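Colleague: Shown below is the structure under consideration.
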Amino acid sequence: MRLLTLRAHGTTHAVREDNGALIEIEGFADVGALLQHPGWKGLAAAASGPRHDLVGADLAAVIPRPGKIVCVGLNYRTHILEMGRDLPEYPTLFSKFAETLIGPYDDIELPPEDPAVDWEAELAVVIGAPGRRIAASVAAEHIAGYTICNDISMRTWQFRTNEWLQGKNWERSTPLGPALVTTDEFHPGGIIRSIVDGETVQEASTGDLVHDPAELVSYISTMVTLHPGDVIITGTPGGVGHAREPRRYLREGELLETTIEGLGRLGNRAVAAR
């Protein structure tokens, strides 16, 4: 099942994709709100609300206001090696704020304060059932599904200090979507890519993760309760602009496409922040 958040008539709606149509799941403003209901999967499957065309649909971030966005750095073997680091024993964690999120086809704002805006294609995990100190053996049961993210990074600000948060939390910078694909229809292992104006700059298998989704759910839930709608962004593979020689960053007007086999595509134009 594929669940999306549609913008229409001045508001948003949780919808289910069905043969080129989007079916409203009535009573829920977005997919994050839907996941708060214990019977969300049955409600979504049975939904028969108003229909909208998928083609040309105005989509919001699939989870517009997560309670938590927990990000994992240095989690692909290829990316760790290109950054000159050792494989980590434990996940490297930081957070993002909901204000960073944009829809799957919205523009990415390039801030005037940092010329070094970089791409980071990532597989995102969406929590579907709450839990604290979740055992790794049952952690997959707490995952509602998966989606695509690009953790756009402002590198000058990121590396001003040893803490990364300030380079990761610029408003209207982080596309998330287009759909939450439930765990019965998607399993990590497909190819993830970033493409800038037609040039593939990142390409790897989502099976290259050092710490896999179930391990991350278990590890993060050890310190804090995970709630439905929380998002875990699992890290990026090699090929980021900051690691290139010479370094390369997003420029105004360029189209950044982010794809994961089985999940879909993000397409975001880089524009100057207003």
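Colleague: Would you mind ranking 23, 260 by Cβ crowding within 10 Å, fewest neighbours first? All intermediate terms of the calculation are to be shown ahead of the outcome.
Modeller: Values: 23 20, 260 24.
By the 10 Å Cβ count, ascending: 23, 260.
Colleague: In whole Å, what is the distance between the alpha-carbon centres of region 242-274 and region 86-140?
Modeller: 16 Å
Colleague: Test of the criteria: in region 1-57, which GluC sites (Glu not before Pro) are in a DSSP loop and have at most 14 other Cβ atoms within 10 angstrom of their Cβ?
Modeller: When the GluC sites (Glu not before Pro) of region 1-57 are filtered for loop state and at most 14 Cβ neighbours within 10 Å, 26 remain.
Colleague: Also: Pop the C-beta distance of residue 51 and residue 99 into the FRET formula with R0 = 25 Å and round what comes out to the nearest 0.05.
Modeller: Details: r = 32 Å, r/R0 = 1.26.
E between residue 51 and residue 99, to the nearest 0.05, is 0.20.
Colleague: Mind checking the full-extension length gain between residue 274 and residue 11? Use 0.36 nm per residue of separation minus the Cα-Cα distance, one decimal, nm. Numbers along the way, then the final one.
Modeller: Working: separation 263, 0.36 × 263 = 94.68 nm, distance 2.34 nm.
Additional length available on full extension: 92.3 nm.
Colleague: Over the chain, what is the relative contact order in whole percent, taking alpha-carbon pairs under 8 Å and six or more residues apart?
Modeller: It rounds to 25 percent for the chain.
Colleague: Looking only at 168, 41, 96, which one moves most when the chain is put into a Gaussian network model with springs between Cα atoms under 10 Å?
Modeller: 41
Colleague: Okay, next question. For region 160-204, state which GluC sites (Glu not before Pro) are in a DSSP loop and have at most 11 other beta carbons lying within 10 Å of their beta carbon.
Modeller: On the way: sites: 163, 171, 185, 199, 203; in loops: 163, 171, 185.
Filter output for region 160-204: 163.
Colleague: Given a 10 angstrom Cα cut-off, can you work out which residue in 65, 172, 132 is the most mobile in a GNM of the chain?
Modeller: Of the options given, 132 has the highest mean-square fluctuation.
Colleague: Return the label of the correct value of Cα extents along the principal axes in Å, as calculated from the structure shown, out of [x] 55, 45, 32; [y] 50, 42, 39; [z] 53, 43, 28.
Modeller: [z]
Colleague: If each DSSP helix of 4+ residues adds -39,500 (n - 2.57) and the sum is divided by the residues in the chain, what number results at 222 nm, nearest 500 deg cm²/dmol?
Modeller: Roughly -3000 deg cm²/dmol at 222 nm, from the helical runs in the chain.
Bear in mind that the values in this text are calculations on the coordinates, not laboratory data. Please read all numbers here as calculations on a predicted model, not as lab measurements. Cβ coordinates were reconstructed from backbone atoms using ideal geometry, including for glycine residues, and neighbour counts include every protein chain displayed.
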